[in-house]
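Nothing in this text is a laboratory measurement; each read-out follows from the coordinates by a stated rule. Remember, predicted model here, so these are calculated numbers, not experimental data. Note: ideal-geometry Cβ built from the backbone for every residue, glycine included; neighbour counts use all protein chains shown.
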Amino acid sequence: MTPSFGYSIVYVADVVATVSFYEAAFGLRRKFVHDSNLYAEMETGQTTLAFAGEAMAEMNGFAIRANRRTDLAAGFELALIFADPHDAYRRAVAAGASPLKPPEEKPWRQIVGYVRDINGCLIEIASAVTA
Amino acid sequence: MTASARYTELPELADHASGFEAVWVSTSDRNGPYRVLPDGRCDIILRFDARLTPITAITVVVTGPTTRFYDIALQPGMGFVGIRMRPGFFEKILGFEPSGLADGNLTGGDALAALPDFETLCAPALDHDELAARLAAFVRQRSLSSRFAPAPISASIISAFHAAGGRLRVGEVAAMHGISERTVQRVLIKAIGLKPKAFASILQFHRALRLLRDHRLSPADAALEAGYADQAHMNRVFRRMGGFSPARLPDVTLVTLGE
């Protein structure tokens, strides 16, 4: 059986603050926040976007480089698809995202922009790719 | 080295907001040394004779942050109730900084001289549960009414060191936060009483121990994953910090570090 892609879990300093930021900046909705405030999931369709507290990494026995807004971004991005990426970019920046590259149209007709979230993670703000 | 004390954490009494991550009890059932590993934490401990009811003659001990192991000489019936403070909360709870206590402690009269209010912890108690509740209430009250607060950047710096299992250098943690190495050093010494390199070494040692004991990695794999230069490097650190070899792990207590 081919595996399915279930989750992206981003380790963050403050799970609750990150969930609130993703709601305000990108219009996502929270699906679940654990009582410990160390784990949360967003409503993102088939593939879940989740956030875990940095203490969870330690509890699980692995070591990570923490994501910080003031640090070099880690080598991955999360891509969110919007009907109007230009408007989404403005809203995200107004809600506290760091502007990185305003949306522009790519040769393949997709509109793509980039911000960094409150933890310094790279977020792509894009339109759907149309055939 | 004998694990001759039963160590139990009471998770329902822990109170992160008030600055303590664990309340624990321990009772010795035999003679022998009990090895305490460095964990980068400071504890407030009540020591007593657990065979007496009610419990009287309670001694207060404040342990400073340690950088290497030490052995306690246990006798049957020695009882302990302790609170492990979260990093960054020592001054908020006790009113003075932990740096003067590195690799040391305040015992009995010295503890009372540093904080006369400790006297209230020494009243007779029915059992260790009463002592544990008394100690938790004491620390919570101290924390709530304190005029000290950890620096806002303190939690983020400590969490970055923890999440990395001690593998980040002080320069990297400084760069991540857009501050100087001197600031990281100052914040950590104030919060924990140790220099960044010593704190990171302790976290790295604890993670390597867990990789060996809980993840059952081979010493070579554990050394690599924990970030030691090689297995010989890990061996040297284990001998200095734990007094044992990675190939022959004793039955030591690994406390829950929850940052």
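List of remarks:
- From the C-alpha gyration tensor of segment B:1-69, square roots of 5λ in Å: 21, 18, 12
- Between B:Tyr228, B:Val252, B:Ile153, the Cα set farthest toward the positive side of the dipole of chain B (charges on each charged residue's Cβ, about the Cα centre) is that of B:Tyr228.
- Computed FRET value (nearest 0.05) for A:Glu23 with B:Glu97, which takes r as the C-beta separation and R₀ as 35 Å: 0.30
- Rough spin-label spacing in nm, given labels placed 7 Å along Cα→Cβ, for B:Asp71 and B:Arg248: 1.3 nm
- Volume in Å³ per residue [convex hull over Cα atoms, computed for segment B:5-144]: 96 Å³
- Radius ratio Rg over Rh of the protein assembly as shown, counting only Cα atoms, Kirkwood formula for Rh: 1.04
- Distance between the modelled labels on A:Ala83 and B:Asp230, one decimal in nanometres: 6.3 nm (7 Å Cα→Cβ projection).
- Bridge orientation summary for chain A: considering DSSP beta bridges with both residues in this region, about 60 percent are antiparallel.
- Hull volume per residue, based on the alpha-carbon atoms of chain A and their convex hull, is 136 Å³.
- Added length on full extension, which subtracts the Cα-Cα distance from 0.36 nm per residue, B:Arg6 to B:Ala151: 48.6 nm
- Taking 0.36 nm per residue of sequence separation and removing the Cα-Cα distance, the B:Ala133/B:Arg240 pair yields an extension gain of 34.9 nm.
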